[in-house]
Every structure is written in structure tokens, then in C-alpha cells.
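**Q** Next up is a structure, given as C-alpha cells.
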């Protein structure tokens, strides 16, 4: 930040006289440079600053406290929204209207005292206009007011959760690892009808496990063979540093449209800092945390406090949410969603007033090991080809086995698969053999694979499908002569395999043609359903 001298140097002599008068001084010179040096010599004094702080109105002191707790500067849009604007006027109008005698805002009061200034500073978001306290003056004001402010500017935002807010606990877990394993297997198999989780797909792409939607063999292998703690940590670190994982655009209640760009990494780092200031293992109120952010850092994701150029619609009715009036539905909702992401990644526990209600409290764990179960998973194989695998079993093994099977329902802590001729045929198309599945099952069940399944897998490798169950349409007649006559007619091309002297399979879709031919032969027939 500029110091007091370079800040005052921007003003004309009339403005400097107004500032001097607010401090009970009278300038002895009419030169800007000399007047600036004179004011700095008087202002940058512990006793003078102490006296000025004592006579400041409470609302002006509140504005200064906000600046002090933000290291001396706040984006102008956010500051002005809370503490008012400063009227733009030239020297003539200023000298006629004398705004310093009747300031329209807290900001204007501090501005004409020389304590507050405005300037553009470079930021990660580009050049932004800020309200600031000149740097050397900031240090003195900070020292004078430190005791009054308690000497602590890093106090966490919000408050601890009430008993009602934390009544029903929802512990963090590492289930994201199991969901990732399922997703990777589905993508590898090109499962028809499978709808990938866009949020998880984006995270895996961020971790370079996916590239253009396709699993990367070596990365997948490393991820699946890593311990649950290390695998979860790798996803967490990838998320923290991602430029492309945009939490705002994953919120289900809104839709982002247009070419405007936000900065998810900058926003994420800011919110993480706020979360990290909350005591670990202490339940914290989500509503109070969001209200405190709105009060103190409302523009945490908005360059220059811009609430108009981002085109965001509400999903439910298509209403555009433009302007600060919709902060709760966009920026406030993002904070809530950010906490949900932390829960998804195993970093925070959640709690709600009762089961099924929206989360109203969170507890920071920041300990990956805490959410990683030490339960030893198991695998169970039945003689009919049904395989049940615990989610705590080796993820790499489940990934491999799932490529040979039809997928059953997922239960809370287990996955079910079924070996079928169709699934083995699909696996064969991908270069896999049934003997590979058998080797996996023998190895990871300590040789307890049911003999019937062992035989079935070996037979399939040798002979393929040896039995089929089909749904067929069959023509049955009373006398063999009728069937012989049909085979000599133009309807013969619609007949398939002969089952007996009086029964033949009708080819799919040819029922009407066969019935018409029978009618031409003087035979009335019917279709039994």
C-alpha cells in the first residue's frame, strides 16, 4: 500500500487544508509538497493518532476496524456497500459545498480526515480498486487500537453450533474412493447406459487419472493399488490445486451461462483459509458461518464486487440471479456447497437437526486417516456365479473382477456381481479370458471357489456358451402334411429350425406373413399369448 506521503501528494492544497483542519492543524505553506511533508510529520505520531481515534464516531471506528482486520485494505465495492460512497467533485464544487462539514457517509468522513484513501492495486483477479489506510499510518493505528480489538484478527468467523444444529451427525468417510473405482471400471468397460458423475469425472481428470474421459492405465493402477489414506490424499491435493474444478458450476440449484469467467482456485484458497481458522473437532454453525462471510467478505469470489455481468439462472424457474440481492442464493449457496465438497473429500463431518434434514453444522477433521476404515474387507463367491465384494476389499481386485461380470445392486458396504455367458463374452471382446477371472478368485478366496463355478469357467474357456435359454415363436400344426406344404410355399423363407414333424420356429417379425400363407392354404390359425 502507498504510504501517507504518497497518498497525500495526490491531493490539491485545498484538500490538504481540509485534512489538516480535521486534525486541529493549520498549514504554514501553500505548496503541496511542503504541506504534505508538514502533515506527515504531525500525523505519524503515536499521541496524535491516539487523540484522533478517541474523537472518532463509533461508526467510523467500526470502518477502521474492518480495514485493520483486512490488513489495511478492502475492495472498494465491498467497503462502499457497507460504509458508503465518497462523492466525486472538483475543487470548485468541493470548496462551495464543503462536504467535510456534512459527510454523507462514514467513508466520506474518514476520507476528509486523510485516514482513508482509494487506489487501484494489482491482484490475482487483475487491477482492483480498494479502500485503504496509508501503510505507515496503518501501523500506528493498528498499534493504538490493538488492545481494544483484543489483538486477534484471525478469530474464526461465525460461532459454535447449537445442540439442535448438531443433533444428528453425518460422519465423513472415504467412499469417494469406492465411487471412483466403480466409475473407472465402467469407463474401461464402456458400459452402456452408465451415467458418469460429472463432478467425480472432473476430479479424476484433475488428478490426471482420466484424460479426455478415458482412464490412463498407469495412473489408474497407481491409484487403485495405493492405500486408502494415500489415495484419498492424492484426490484432496489434486482438488486443492485445481484450476478447472469449479464448485460454482456444480451447484445443482443454479445454471451458469455466457462467456464470463470466475476464478475457482482463488475462491477455494480463500474459503479454505476461513475454514482452517475454525478449531478442529469443534462443531461449527453453517448458517452463522455463511452470515459472517456475507458481513465481512461478501465479494470473496467477485472481482471488484461485480454482481451484474455473471449470468446465473435458478434451476427451478429460470430466474436470473443478478445483483447483490441474490447473494444468499449464489454466493451463500456456494459456501454451503463448498462445505459439502469438504465432506465428500473426507475433511469434515456434517450434522443436521434430524435425519434427512439439510446440514446445519460441520466439524473440521483434516485428518485423512480418521475417515479411512481399518476394516478388513472380504470376497464371497457362490456356486451360481454370484460374487459379493466388501468395499473395504482391495479396490484394484474389485476393478479387475468387475470387468468379467454383470453388475448387481450396490449396498452400503458391499458390491454384487454375477458371472454370465454374456459378461464373459463381453470380457473376451476386451482381450480377457475366463481363466484370468478364475485365477483372481482362487487367489483372493484362498482357493475356496465353488467347484461348480470352477468347472463352468474352464468349460466356457474351452467351448464358449454351451447352453442357451431363448424366447421363440413356434408354429405347431395338427398334421405333418401341413408343415410340408408350408415349406413348399412362398412362406418357407419365414420358417426357421424344425423342432418336430409338426413344429417349426417362425423367424422374428414374420408372424403375419405365416398367418396369411396358412389362410391361403385354407387353414385358419391363431396366436396364443
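Every number here is computed from the coordinates shown, using simple stated rules; none is lab data. This is a predicted model, so every value here is computed, not measured. Positions of Cβ are backbone-derived with ideal geometry, glycine not excepted, and every protein chain shown enters the neighbour counts.
**Q** In what sequence, highest mean first, do 75-85, 29-39 appear when ranked by Cβ atoms within 10 angstrom?
**A** Going by the mean number of other Cβ atoms within 10 Å, highest first, we get 75-85, 29-39.
**Q** If you average 1/r over all unlike Cα pairs in the range 4-145 and invert the result, what Kirkwood radius do you get in angstrom? It would help to have the intermediate numbers written out before the result.
**A** Values: mean 1/r = 0.0647 Å⁻¹.
Kirkwood radius, the range 4-145: 15.5 Å.
**Q** Right, next: Return one quarter of the surface area of the convex hull spanned by the alpha-carbon atoms of the range 314-353, equal to its mean projected area, in nm².
**A** 3.9
**Q** What is the pair-distance distribution P(r) of the range 19-96, computed from all Cα-Cα distances in 10 Å bins starting at 0, with each bin given as a whole percent?
**A** 14, 34, 42, 10
**Q** So for 274, 265, 457, fewest C-beta neighbours within 10 Å to most, what's the order?
**A** The most exposed by this proxy come first: 265, 274, 457.
**Q** A follow-up question, please. Angle, helix 333-344 long axis vs. longest principal axis of the chain, Cα atoms, 0 to 90°, nearest 10?
**A** 50
**Q** Along Cα→Cβ, 7 Å out, is where each label goes; now give me the distance between the ones at residue 357 and residue 498 in nm to one decimal.
**A** 7.7
**Q** Please work out the Cα center distance from the range 165-219 to the range 418-437, rounded to the nearest Å.
**A** 24
**Q** Quick one: divide the alpha-carbon radius of gyration of the range 262-323 by 2.2 N^0.38 Å and tell me what you get.
**A** Its radius of gyration relative to the 2.2 N^0.38 Å reference: 1.34.
**Q** So if each residue of separation counts as 0.36 nm, and I subtract the Cα-Cα distance between residue 328 and residue 479, what length gain in nm does that give? List each step's numbers first, then the result.
**A** Values: separation 151, 0.36 × 151 = 54.36 nm, distance 8.08 nm.
Taking residue 328 through residue 479 to full extension adds about 46.3 nm, to one decimal.
**Q** Please report the equivalent ellipsoid semi-axes of the chain, computed as sqrt(5 x eigenvalue) of the Cα gyration tensor, largest first, in whole Å.
**A** Working: eigenvalues 1127, 161, 70 Å².
Equivalent ellipsoid of the chain: 75, 28, 19 Å, largest first.
**Q** Taking neighbour Cβ counts within 10 Å as the exposure measure, how do 15, 411, 100 sort from fewest upward?
**A** Listed from fewest to most nearby Cβ atoms, that is 411, 100, 15.
**Q** Now a separate question. Hey, what angle do you get for helix 32-43 against the long axis of the chain, alpha-carbon based, 0 to 90 degrees rounded to 10?
**A** 80
**Q** Could you work out the mean projected area of the convex hull around the alpha carbons of the range 168-371, in square nanometres to one decimal?
**A** Averaged projected area of the range 168-371's Cα convex hull equals 12.5 nm².
**Q** Turning to a different aspect of this structure: Quick one: if the Förster radius is 45 Å, what FRET efficiency do residue 164 and residue 97 give, using the C-beta to C-beta distance and rounding to 0.05?
**A** 0.25
**Q** Next question. Starting from 0.36 nm per residue, how many nanometres of slack lie between residue 490 and residue 422 once their C-alpha separation is accounted for?
**A** Residue separation times 0.36 nm, minus the Cα-Cα distance, leaves 20.9 nm.
**Q** With a cut-off of 17 Å, note down the residues of the range 332-367 whose backbone N falls inside the zone around a label point 7 Å from the Cα of residue 260 toward its beta carbon.
**A** It comes to 332-335, nothing else.
**Q** What length, rounded to one decimal in nm, is gained on full extension from residue 121 through to residue 505, with 0.36 nm per residue of separation minus their alpha-carbon distance?
**A** Values: separation 384, 0.36 × 384 = 138.24 nm, distance 8.33 nm.
Full-extension gain reported as 129.9 nm.
**Q** Evaluate the distance, in nm, between pseudo-label points positioned 7 Å from the Cα of residue 516 and of residue 240 along their respective Cα→Cβ axes.
**A** Output for this residue pair reads 7.4 nm.
**Q** Give me the Debye-computed log₁₀ of I(q)/I(0) at q = 0.14, 0.18, 0.30 Å⁻¹ for the range 473-520, equal point scatterers on Cα only, no solvent, two decimals.
**A** For the range 473-520, the Cα-only Debye profile gives -0.26, -0.44, -1.32.
**Q** May I ask you to derive the relative contact order of the chain, considering only C-alpha pairs under 8 Å and at least 6 residues apart, and to give it as an integer percent?
**A** So the answer I get is 12 percent.
**Q** Based on the mean of other beta carbon atoms within 10 Å per residue, what is the order of 350-357, 233-240, 53-60, most packed first?
**A** Top to bottom by mean Cβ count within 10 Å: 233-240, 350-357, 53-60.
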